[in-house]
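Beneath this line is the structure, given in structure tokens, with notes to follow.
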Amino acid sequence: MKILIFEGIATSGKSTITGYLVKSLKGEMRIDLATEEQTHLPIMAQRSDLNTLFFKDLINERTLKHPDLLIFDRLYITQAYRAKSDLTEYLIIEDILLPHSPHTIILKVDEGAITERIKAASEHREEKWLEYLKTKGNNFEEIAQDYIDQQRGLLKLVKQSKLPYTVFDTTNHDYGTIVEEILKIIR
């Protein structure tokens, strides 16, 4: 089994890229995709909690299915950032992941493009997401700064990880090329 963990700010392309990957690998391998609704949303309100038990249970539950590829749309690095923690608090999680050939994929957006990405996403995303945006700032510039800070934090945290990782720049929406590079990691 191989495990991919996607991390990145909202609008970085996590869902788009994981969708392309699943489509590209369909018929080639059994894939289990743990979406953000299963990995991040259940603990979103718990900003200061580490939630290591939640992640341990989630990983164990998903690996019991024995897929060839297990994809997590966010996992513990986002929560480490939100809990203002470092990754030493998540060593047990990384130890659980290590036997499964894990690889973390960080999707990054040029900081100068984040405001426009947030504006564009706000035009087509659901009302619940728009309400969530309001918790991040009073205007698009404040919201973008929150995401810039988060992205910087994720990039800093992933450097502390025992897991191999790759950072892909999704600013230009070049998802096809990025998917091809990720397929090389998988295969």
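The values are calculated or read from the model by the stated rules, or taken from the named source; none is laboratory data. Model, not experiment: these values are computed from the prediction. Glycine also receives a Cβ, built like all others from the backbone with ideal geometry; neighbour counts cover every protein chain displayed. Only protein heavy atoms, including side chains, enter the accessible area calculation; ligands, DNA and RNA are left aside. Shrake-Rupley method; radii C 1.70, N 1.55, O 1.52, S 1.80 Å.
In the range 121-134, of all residues being touching a helix residue (DSSP H, G or I) at 6+ places or on another chain (Cβ under 9 Å) and of a type outside the set (A, V, I, L, M, F, W, C), the one that is most open to solvent (accessible area, probe 1.4 Å) corresponds to K134. For the range 147-187, a residue qualifies if it is part of a helix (DSSP H, G or I), open to solvent by 40 Å² or more (accessible area, probe 1.4 Å) and closer than 21 Å to E89 by Cα, and the qualifying residues are D149, R152, L155, K156. The sole residue among T52, T78, T39, T104 that is buried (at least 16 other Cβ atoms within 10 Å of the Cβ), out of contact with any strand residue (DSSP E or B) (no Cβ under 9 Å at 6 or more places or on another chain) and hydroxyl-bearing (S, T, Y) is T52. Taking residues in the range 95-122 that are within 25 Å of Q145 (Cβ to Cβ), and partners anywhere that are among the basic types (K, R) and open to solvent by 10 Å² or more (accessible area, probe 1.4 Å), the pairs with Cβ atoms closer than 8 Å and at least 6 places apart or on different chains are L107/K14; V109/R117. Determine which single condition I143 fails, assuming it passes every other condition in (1) buried (at least 17 other Cβ atoms within 10 Å of the Cβ); (2) within 30 Å of I185 (Cα to Cα). Checking I143 against (1) buried (at least 17 other Cβ atoms within 10 Å of the Cβ); (2) within 30 Å of I185 (Cα to Cα), the one that fails is (2). Candidates in the range 1-55 are the residues that are of a type in the set (F, W, Y) and in contact with a Leu (Cβ under 7 Å, 6 or more places away or on another chain); of these, the one that is nearest to E181 (Cα to Cα) is F6.
Can you find a residue in the range 164-183 that is closer than 28 Å to V22 by Cα, free of Cβ contacts under 8 Å to residues at least 12 places away in the same chain and among the acidic types (D, E)? Yes, that holds for at least one residue.
Per the listing R117, R125, R82, the residue uniquely modelled with pLDDT under 95 and within 16 Å of the chain's Cα centre (by Cα) is R82. Count of the range 57-95 residues, restricted to those that are within 12 Å of E7 (Cβ to Cβ) and of a type in the set (S, T, Y), is 3.
Among the candidates L58, L69, L98, the residue that is within 18 Å of I182 (Cα to Cα), within 18 Å of the chain's Cα centre (by Cα) and of a type in the set (A, V, I, L, M) is uniquely L69. Taking helices (runs of 4 or more DSSP H) as the structural unit, those lying wholly within the range 1-106 and holding at least 2 residues that are touching a Ser or Thr at 6+ places or on another chain (Cβ under 9 Å) and either hydroxyl-bearing (S, T, Y) or under 19 Å from T170 (Cα atoms) (or both) correspond to 14-25, 36-39, 76-82. Of the residues contained in the range 13-26, none is found to be more than 29 Å from K119 (Cβ to Cβ) and within 17 Å of the chain's Cα centre (by Cα).
On inspection, I71 qualifies as crowded, with 23+ Cβ neighbours inside 10 Å and under 17 Å from P164 (Cα atoms).
Each residue in the range 1-49 was checked for being of a type in the set (A, V, I, L, M) and free of Cβ contacts under 8 Å to residues at least 24 places away in the same chain, and 3 pass. The test for being closer than 30 Å to K134 by Cα and within 12 Å of the chain's Cα centre (by Cα) holds for F6.
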